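Engineer: Pasting a structure below so you can have a look.
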Amino acid sequence: DALYVGNALSYRAMAYMDLARMFEFKRTGVAYLDEEAANRGIYGLTVPIVTENTTERESRDNPRAPFYKMYRFIMDDLNLAEACLSDAHAVSAKTDASIGVVYGLKARLWLDMGSRFERYVDDLNTMISHEADEDLNDYDKIGITTANECFARAAEYARKAINEGYSPLSESQWFDPSIGFNTPNNSWLWANIISTNDIAATTGEWQSFVSFQCVEANWGIAVYQDEINYAHGWMIDARLFDKIDEGDWRKTTWIDPEDAGASNAFITKYSRGTNLSYNEWRNYRSYVGIKYHPANGERNTSTIGNAVSIPLMRIEEMFLIEAEATAHTSGVGAGKQLLESFMNTYRMSAGESYTCKAADMEAFTDELFKQKRVEFWGEGIVYWDYRRLELPIERGYPGSNHARQYRFNSYPEHVAPWTNFYIPDRERDLNKGVILNPDPSQAIPLWEGGN
């Protein structure tokens, strides 16, 4: 059945896209790590490819695929998935891939390639030089010669996904304390759906998504329980919070330092988006987020409250991919216009307006990335952007709200060392063809400045 095949191909494409982007070693700016990677010859290598045709003997000597092969492999799966799901415009459950999901995955992949080839022309030339390789004949050719062609296709597929009829979350949906960010809706293309019968809901209540993300649940890590609790909850980065436009209604997703503990602020700004009472809410510190909720707002029974759905892809990502990619192909002005349209149509309070003040590509990329960090806080999306754009992660600065023992700052124009995932030693023990990444542990010194 074409639908089953299309789903299998979509999931495999997503898995390999994520694996390749996690494990390919990117330069960190830490000399000994980067030199060790060069000496091992692992630059440009992703992960071993294992398919339904891979034998056990082959898997025991299966080297990491070079990026140009991995791109071909993933795109081939997506091309086949697109053919299989061409009529799947609506699905009965958001765990199933639709044609919109395939478009979204293609938009992600083309954007990744565009950023890479724009920054590293040698990688583009390598990709082109291997297009005719005989051992890659089983995969469709990528068929591009410039980075801009990749950006153009990223914008094209993002728009195709948007045109499937999805729409961004409204303000009321965003702040709904019963079903906000725990139930599929018109914004979600794809989701992980946990039922009350799943192990993730029935056992390990302290290891659940809700335990870590939902301050309202009366179990787990984020909950406040007087002297026996952690009383923190996940916080937004203080500098990022300060950069959110005052007219952006998303800002009340997090507790403003000026509002922390204030009853009037709770009543007028925060109560609509939480199941907490004021006496509970006032225990939480500045910057704590109330974005996520237990299933149906259930706060006391973990086997019910843990049965949440988690978005894998939201249409808002496609709007922002389209804006970024268009800025590369049609100029910063065109990208700004799309970003402003998204913000003013979907994210600004009545009577407020948003203007992107960026004058060049670097400033525009920074602004778009800021909006992405706000939009997808806690969803795992921007991890890929940090690596794709080689942006520094900065946790140590005056006024930082990061725990002191985690205030590490990575280096500009490089990826943070800890975002280069380490291939387990067990893989090397069972697969003699694999070469491991350098161990990034403690590669960056702790920021020792004061608040």
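Every read-out reported here was derived from the displayed coordinates using simple, explicitly stated rules and does not represent laboratory data. Keep in mind it's a predicted model, so treat the numbers as computed, not measured. Using ideal geometry, Cβ is built from the backbone for each residue, glycine included, and neighbour counts are taken over all protein chains shown.
Engineer: What is the angle, in °, between the Cα long axis of helix 67-84 and the longest principal axis of the Cα atoms in the chain? Nearest 10 is fine, range 0 to 90.
Structural biologist: 70 degrees
Engineer: Turning to a different aspect of this structure: For a footprinting-style exposure proxy, rank 28, 196, 329 by other Cβ within 10 Å, fewest first.
Structural biologist: Fewest to most other Cβ atoms nearby, the residues stand as 196, 329, 28.
Engineer: What does the extension gain come out to for residue 137 and residue 429, with contour length at 0.36 nm per residue minus their alpha carbon separation?
Structural biologist: Extra length from residue 137 to residue 429 when fully extended: 102.0 nm.
Engineer: Contact order normalised by length for the range 195-307, with contacts defined as Cα pairs under 8 Å and 6 or more residues apart; what percent is it? Spell out each step's value before the answer.
Structural biologist: Numbers: 200 pairs, mean separation 40.5, N = 113.
Worked out over the range 195-307, it gives 36 percent.
Engineer: Still on this structure: Find the Cα radius of gyration of the range 224-370, compare it with 2.2 N^0.38 Å by division, and give the number to two decimals.
Structural biologist: The reported ratio for this selection is 1.24.
Engineer: What is the helix-to-structure angle for 99-119, meaning the angle in degrees between its Cα long axis and the longest Cα principal axis of the chain, kept from 0 to 90 and rounded to the nearest 10?
Structural biologist: 70 degrees
Engineer: In terms of modelled amide H atoms, which long-range or inter-chain residues lie less than 5 Å from the amide H of residue 309?
Structural biologist: 183, 194
Engineer: Then there's this: Which of the GluC sites (Glu not before Pro) found in the range 269-364 are in a DSSP loop and have at most 16 neighbouring Cβ atoms, other than their own, within 10 Å?
Structural biologist: Sites meeting the loop and neighbour criteria: 352.
Engineer: Based only on other Cβ atoms within 10 Å, what is the fewest-to-most ordering of 210, 415? Before the final figure, lay out the partial values.
Structural biologist: Values: 210 30, 415 24.
Placing the least packed residue first, the sequence is 415, 210.
Engineer: Right, next: So what's the chain giving for Cα Rg divided by 2.2 N^0.38 Å, two decimals?
Structural biologist: 1.01
Engineer: Could you list the trypsin sites (Lys or Arg not before Pro) in the range 1-76 that lie in coil according to DSSP, counting only those with at most 13 other Cβ atoms within 10 Å of their Cβ?
Structural biologist: In loop regions of the range 1-76 (DSSP not H, G, I, E or B), the sparsely surrounded trypsin sites (Lys or Arg not before Pro) are 60.
Engineer: Based only on Cα atoms, what Rg/Rh ratio does the range 293-379 have, Rh being taken as Kirkwood's radius?
Structural biologist: When Rh is taken as the Kirkwood radius, the ratio is 1.14.
Engineer: Run through all the Cα pairs of the range 246-324 and give the fraction in each 10 Å bin from 0, expressed as whole percent.
Structural biologist: Computed distribution, short to long bins: 16, 37, 31, 15, 1.
Engineer: Which order results if 206, 384, 281, 219 are arranged by neighbouring Cβ count within 10 Å, fewest first?
Structural biologist: 206, 384, 219, 281
Engineer: Using label points projected 7 Å from each Cα along Cα→Cβ, tell me how many nm separate residue 18 and residue 79, to one decimal.
Structural biologist: About 2.5 nm, to one decimal.
Engineer: Amide H neighbours of residue 414 under 5 Å, counting only residues 5+ apart in sequence or on other chains, H built in-plane at 1.01 Å?
Structural biologist: Distant-sequence amide H within range of residue 414: zero hits.
Engineer: In nm², what is the average projected area of the convex hull enclosing the Cα atoms of the range 195-307?
Structural biologist: Over all viewing directions, the range 195-307 projects a mean Cα-hull area of 7.1 nm².
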